[in-house]
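Below: one structure, written as structure tokens.
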Amino acid sequence: MCGFVGIFDLSAKNRPDTGLVSRMGATIAHRGPDATGAYSDDAIALSFQRLAIIDLKNGSQPMSEGGCRGPASAEGGEDRYVIVFNGEIYNFQELRTGLQSQGHHFNTKSDTEVILRLFIEKGARCVEDLRGMFAFAIWDKRERRLFLARDRLGKKPLYWTLINGCFCFASEIKALAVHPDFRPDIDARALDLYLTYQSIPSPQTIYRNVQRLPPACHMRISADQRTPAPTRYWRLSYTQKFQGTPKDAHAQALHLIEEATRLRMISEVPLGAFLSGGIDSSAVVAMMARHSSAPVKTFAIGFDEQDFSELPHARQVASAFGCAHHELIVKPQMADILPKVLWHYDQPFADPSALPSYYVARETRKSVTVALNGDGGDEAFGGYLRYWGDYWAGLARRFIPGSLAMKAAAALESLPGTSTKSGRRIVRLLRAASRDMLATNYNLFSYFNAGQRAGLYTDHWKQALGPLEDMGYMRGLFESAAAHEDLDRIFSTDYHGYLPECLLVKMDVATMANSLEARSPLLDHKVVEFAASLPASWKVTPFGTKKFLREAFQ
């Protein structure tokens with residue numbers, strides 16, 4: 001887990017300023033405090049910050065081919081390619097064996113060199129073989145061309161901008177902002193999206209001239225291709241459904257999650273796990289316990305207010321698996337850390353769990369360098385409570401016309417006694433039944449609707465914005481989903497929106513701010529694709545959420 005920065009002079013007239021690139025890299029030293037590396041030639045300069053996890057001795061970056069070339073790069077005997085890479089490839093040993101059988105020779109035991117050799121062999125298609133989290137850049141010295149790629153789910157970030165005829169890219173926006181000609185012009189549309197969805201979706205950022213490479217995309221940049229055009233190489237599909245019985249599917253889920261967890265335990269530095277006590281993190285810890293010769297180190301966060309604290313659940317799971325358990329109580333004065341957290345985020349972000357996530361990462365880093373977590377379980381197996389609401393609202397829509405449901409909700413609200421918890425639930429259900437599933441989720445998910453946001457904006461700002469966002473972004477995700485059922489479309493919308501643009505941003509910032517690597521077995525793309533093949537009715541039922549995963553791990 002690391003961070004990198006680069007400047008590519010598209011005109012080939014000016015050698016990039018290596019001192020500037022070094023200063024840009026220094027701003028993200030928290031991503032990789034173990035070592036600093038650099039590379040430059042007459043067209044590009046790269047800076048790298050390393051958090052050493054695998055091949056501690058020889059895995060330094062930027063990394064070039066060196067003297068060991070595979071068949072595709074032997075012509076002319078030149079040292080043609082250079083890579084900078086942030087992330088982890090969990091199937092790198094398997095890929096390495098396959099490449100060796102094709103004539104490639106390796107200088108290191110690192111996953112970085114595996115990516116480089118795979119790119120030499122397959123070009124852009126190399127990303128299709130990678131199982132893990134990644135953002136990387138590969139410089140082709142012969143063709144004077146840059147290749148950038150990001151992992152399927154968007155766990156690792158990659159930002160870019162064009163400044164004075166140079167293509168500048170980095171793991172964080174703050175590195176780009178060091179450039180003396182960086183222009184921090186606010187993107188009005190991005191701010192409107194932020195006020196709607198609590199974070200800013202790719203490819204936009206809060207700055208008009210800065211973009212984020214979307215998840216599951218790669219792109220090439222050269223003097224002939226100065227307007228980068230990302231190419232999507234993967235999209236999650238819900239159209240092909242599992243053909244066996246639930247019992248067969250339970251066995252396959254256990255196998256895939258255990259395998260994904262085992263692969264993520266490969267490390268040459270201390271390793272542990274975040275443990276909330278929920279089914280997702282508990283499943284990961286259970287699988288870790290199967291493959292650990294020592295007690296698994298677990299870390300949990302809680303609050304003095306017992307109604308909000310998950311520590312008793314985490315303590316019970318840790319005891320069941322004989323974990324070396326650590327707990328942190330978050331105090332109300334955690335807001336004192338807010339300025340530092342804001343500095344790490346670089347742009348507006350409103351998920352309040354950013355603060356406790358930062359704290360648990362900071363405490364975990366005192367004991368380990370790598371931590372596994374249960375991220376992705378809710379999206380994969382239908383865990384959010386709003387999915388349960390979607391289920392019931394879908395049933396209600398079959399029997400109650402929308403106009404009648406709205407009138408019934410209004411009538412109930414006027415009656416005494418509907419302020420109770422059950423009464424409020426019935427009213428919410430009726431209101432949800434009066435809308436389609438997309439509108440229901442938008443209403444639950446958005447912070448300020450178009451009318452409310454219009455009341456916040458000056459006339460000048462409204463003119464800059466034009467028509468206000470009103471479900472457009474979310475509708476695009478919903479309608480482009482490869483799915484036949486509305487509930488699957490909602491799962492897909494979260495996978496391609498809420499998860500990468502909010503939750504995974506939060507996890508990357510919280511952990512990288514503390515030089516901690518986070519690994520997510522439930523976000524392994526094979527687990528994700530398998531979960532997408534399961535019928536939605538196996539996940540969300542009249543009685544609750546995440547039914548399938550609970551039964552599989554019972």
Residue-count net charge about G154 - beta-carbon cut-off 13 Å; Lys, Arg +1, Asp, Glu -1: +2
Any idea what angle helix 246-263 forms with the longest principal axis of the chain, computed on alpha-carbon atoms, 0 to 90 degrees, nearest 10? 40
Given that compact globular proteins tend to follow 2.2 N^0.38 Å, what is the ratio of the alpha-carbon Rg of segment 190-311 to that value? 1.55
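What are the semi-axes of the equivalent ellipsoid of segment 120-232, taken as the square roots of 5 times the eigenvalues of the Cα gyration tensor, listed largest first and rounded to whole Å?
On the way: eigenvalues 121, 70, 24 Å².
Taking √(5λ) for each Cα gyration eigenvalue gives 25, 19, 11 Å.
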I need two numbers for segment 299-369: Rg to one decimal and Dmax as a whole number, Cα atoms only, in Å. 13.7, 41
Got a sec? Which residues in segment 165-192 would a label at L465 touch, if it sits 7 Å along Cα→Cβ and we count backbone N under 19 Å? 185-192
On a 0 to 90 degree scale, rounded to 10, what angle separates helix 385-399 from the longest Cα axis of the chain? 50
Checked against the structure, the computed Kirkwood radius over Cα pairs in Å among (1) 24.0; (2) 28.4; (3) 24.9 is the one labelled (3)
With the full set of protein chains in place, find how many percent of the accessible area of the chain is carbon and sulfur; take the probe as 1.4 Å. 53
Segment R235-Q452, extension gain: residue separation times 0.36 nm, minus the distance between their alpha carbons: 74.7 nm
May I ask for the net charge around T18, where only other residues with Cβ less than 14 Å from the Cβ of T18 are counted and Lys, Arg are +1 while Asp, Glu are -1? -2
In whole angstrom, how far apart do the alpha carbon centroids of segment 498-552 and segment 27-46 sit? 32
Could you tell me how many degrees, from 0 to 90 and to the nearest 10, lie between the Cα long axis of helix 421-433 and the main elongation axis, the longest principal axis, of the Cα atoms of the chain? 70
Determine how large the accessible area of T511 is when every protein chain is in place; take a 1.4 Å probe and give Å² rounded to the nearest 10. 0
Residue-by-residue Karplus 3J(HN,Hα) for segment 491-500, coefficients 6.51, -1.76, 1.60, Hz, glycine and proline x: 4, 4, 4, 5, 5, 9, x, 4, 5, x
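So if each residue of separation counts as 0.36 nm, and I subtract the Cα-Cα distance between D436 and T245, what length gain in nm does that give? Show your work: numbers first, answer last.
Working: separation 191, 0.36 × 191 = 68.76 nm, distance 3.10 nm.
In short, 65.7 nm is gained.
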Return one whole number: the accessible area per residue of segment 255-344 in Å², for a 1.4 Å probe. 51
Separation between Cα centres of segment 89-146 and segment 347-366, rounded to whole Å: 33
Length gained if Q316 through V269 is fully extended, taking 0.36 nm per residue and subtracting the Cα-Cα distance, is 14.2 nm
Check cross-link reach from K547 to the aspartates and glutamates: straight Cα distance under 16 Å, and skip same-chain residues fewer than eight apart. D248, D280, D378, E379, D390, D488
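Let's see if you can work this out: charge +1 on each Lys and Arg Cβ, -1 on each Asp and Glu Cβ, no other charges. What is the dipole magnitude of the chain about its Cα centre, in debye to the nearest 20? Show your work: numbers first, answer last.
Values: 64 positive and 60 negative charges, 131 e Å.
The dipole magnitude comes to about 620 debye.
Rolling a 1.4 Å sphere over the protein heavy atoms, what is the accessible area per residue of segment 1-145, to the nearest Å²?
About 37 Å² of surface per residue is accessible.
The values are calculated or read from the model by the stated rules, or taken from the named source; none is laboratory data. Note that the structure is a prediction, hence the values are computed from the model and not measured. Note that we place each Cβ from the backbone using ideal geometry, even for glycine, and neighbour counts take in every protein chain shown. Calculation scope for accessible area: heavy atoms of the full protein, side chains included, ligands and nucleic acids excluded. Shrake-Rupley method; radii C 1.70, N 1.55, O 1.52, S 1.80 Å.
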